[in-house]
Structures are given as structure tokens and as C-alpha cells.
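Only the coordinates and a few stated rules stand behind these numbers; no lab work does. Since the structure is predicted, the reported quantities are computational estimates derived from the model, not experimental observations. Cβ coordinates were reconstructed from backbone atoms using ideal geometry, including for glycine residues, and neighbour counts include every protein chain displayed.
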Amino acid sequence: MWHRSLLISIILPSLMLNGISAAARVADEHGDIRNNSQRSTLVANPDLARVAIVRYEDKTESKNFGYMPDSLTEAIDKSLQRRFEYQRENPKKTAATIAEFKKKHPEIDADDAVDFCRLHKTDILILGKFEFDAQRNEIVVRTSISLGVQVFFRTLKERRNPVDATIFGLADLVADDIVQMLVEIAREQVQKKNLHAKEQKLQLYRSQVVTWVEPNWNLFMGGVATIPLSTSFTNYRSMQPQLSLLVEHRIYRKLFVGFSADASRIRAAGLGIDVVAGAALVGYHLHVANRWDIFVLAGGGYYFGKYVNTLTCTAACPSSVSAESFTIYNPYATSRLGANFLMTHWLSLSAFAQGGLFFDKPQPLYFAGGGLAVGFHF
């Protein structure tokens, strides 16, 4: 067991030296020494990424490692300062917002990280935890980095260190792993922006990749072509047009609830049906790539409309009436399966298959088809 006096005697000189070094100089990616006063100009660039470094969680259930959360956070911040230009979120603000966020999300995964970044306008989120492996007498540090989108959530290799005098170098090793990951991202951004990385520290920019970020609202407008499948349409299986409006609201991660409104015009020989159908829906979305999202929706409601039949009216209707006509009001069920392709951060194109069931007497009317829609996401 470590003695408190020994820990203090080792930690304090280390922290003092690191503090003096960080205050006196900042090294660029090639090791050149630059005056720390240059950092005051960084905030003026609104394109620089906002980075939140979350205090590491102590999962050791021991008081012997109470110094490590701050030690890890400091080492990471100082390593990033030496290599990158970025906007560091206020540590106190980060601590408060993450504490509130964890009340609902105790263990932050890729989806939770996306939510946090969107809610708090964070571009890069760095978080982790450390545990004590009693069997091997080692500290195990695990770190994750999120760039605000699910496909850019990275779990770094775990770092292990014996519980001995070398443990005080563990924080620097963890910081090096994070720097290495972010260097790859920054260099790619530099190449895309045609900047000269050798002339300055690497800059961490806000991500410009067009990719799905969980929206709270989806709005789709489009058209559908359906074919009647009921036996009453056996000899009249022609395509029928339909206009469609769909609104969705995210309630939990990839789960949505919504409402659809469809206007249909059905014509077959002497039969005509004009209906407007409304349905409450439940949907699930899965982002399978940067720009691709697949989804499934199902729900039910009612349809309203007008029914006109000139085939049966020749014998059953008075001579002054040429068609049998009445209003209809019955239950309705619908389902949709498709994919969305994201064209910009808020605009997509959707292709889908759709089925509809219009309850009626003596038998329901079945329709199936496909459609295209334009989606808006916010």
C-alpha cells in the first residue's frame, strides 16, 4: 500500500515542474519551442474544434489512487496544447454538464457521446476510466474519443501499468495515445484544407464530414406508386398514385414516434376511391455508414374518403343516377421499409417500400408499392 507522505513527495515536484514547463513554452509538432502567448489568438478562429476533456472515473474502489483523475486530465490537456490548436471547453463547465448528463446515462457509449456533443455543441469529447486489477496488481486505463458522430467513436487500446514507482508515467502514456489518434485526424483535415502543417501546430477543426447525427425531428415529403392486391382488383392491377407526408420525433436513441398523412387516388375500370389516411407510427433508424440510414416504420389510424362505383349502378341505381357514391371512414394500417441517403447535414433522399391495409366490407383492400421522398432533419 502506498503511504500518503510518499505520494505527496513524488507528485508535488512533478506537478510543479510540469506547470512551469507548460507556462513557459509550447512545442509544435516538430518539437520547436514557441511562446505561450500565441495561444491567446486561437479562440479567434471559430473553425477550431471545441474539445471537452472529461475527468477520468476512478473505478478502483480505493482511496490510494485519488490523484489519478486530475493527473490524467492534466497530462492530456498539456499534450494537446503542445501539438494542436483547438478550443478547450471550460473544465468546470464540462464537469457540471457531464455530471448532469450521467444522471440519465451512467455509462456513456457511442450513442450517448453523440447526444452529449450535440446538446453541448462539443466537437471532440475525450473521456475514460481506470480500474485496479488485483490479480495482476495493475492499474488499467480505458479511454474513448468521440467526434460527435456515432461512426467516429473510438475506444483506444487499454493501458496497463504495475502499481509501483513507474505508475507516475502512466498519464503521459495515455496522453500520447490520444495525441496519436488526433494527429491522424488533424493531418487529414490539413490536407483537405491545403494548409502547410510544417509552418504551425496542427489545428483541430470542426468536422466537415457529412454524416448522420441523431436528429430530434425528421420531415419527409414525397410520392408513392402502389398496386392493389385485393381479389376485387384482380383484373385491374394498375399503378395508383399517392402523396405522402411523414413527421418523426426521436424519443430514445434510434427509436422514433411519428405521424403520416397519405392522399390516394384509386382508379380501376368503373371504380374510384379518393381517400386521405392518417396514422400514428413507431419507427427505428440504423445508421450503417456516414451517409446511409436504414429504417422501418409501422402504425395505424383511419382513412376518410369518397367511394364511387359505376359498374354496379347500372341495375341498382335510379335512372337519374349514373353512379353509386358514398363516403367511407374505416381503420387503416401501414408499414414502410427503406433507406435514406444524406446529401447535406440536414437534407436527405429517401427510397422505400410501403404497404397499406384499408379495412372495408366485405373484405379489406391491400396495397403495396414503393416511393421516393425528400427528408429534412433537425
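Things to note:
- Looking at segment 86-154, the trypsin sites (Lys or Arg not before Pro) that sit in a DSSP loop and have at most 12 other Cβ atoms within 10 Å of their own Cβ are LYS103, LYS104, LYS121, ARG136.
- When the trypsin sites (Lys or Arg not before Pro) in segment 213-280 are filtered for DSSP coil states and for at most 12 other beta-carbon atoms within 10 Å of their beta-carbon, the remaining sites are ARG237.
- Residues PHE376, PHE326, PHE233, ranked from the fewest to the most other C-beta atoms within 10 Å, line up as PHE326, PHE376, PHE233.
- For ILE328, the residues whose modelled amide H falls within less than 5 Å of its own, excluding neighbours fewer than 5 places apart on the same chain, are GLY305, LYS306, TYR307.
- Segment ASN45..ASN216, full-extension length gain: 58.7 nm, with 0.36 nm per residue of separation and the alpha-carbon distance subtracted.
- Listed peptides 62-69, 172-179 appear in the order 172-179, 62-69 once ranked by packing, highest mean of other Cβ atoms within 10 Å at the front.
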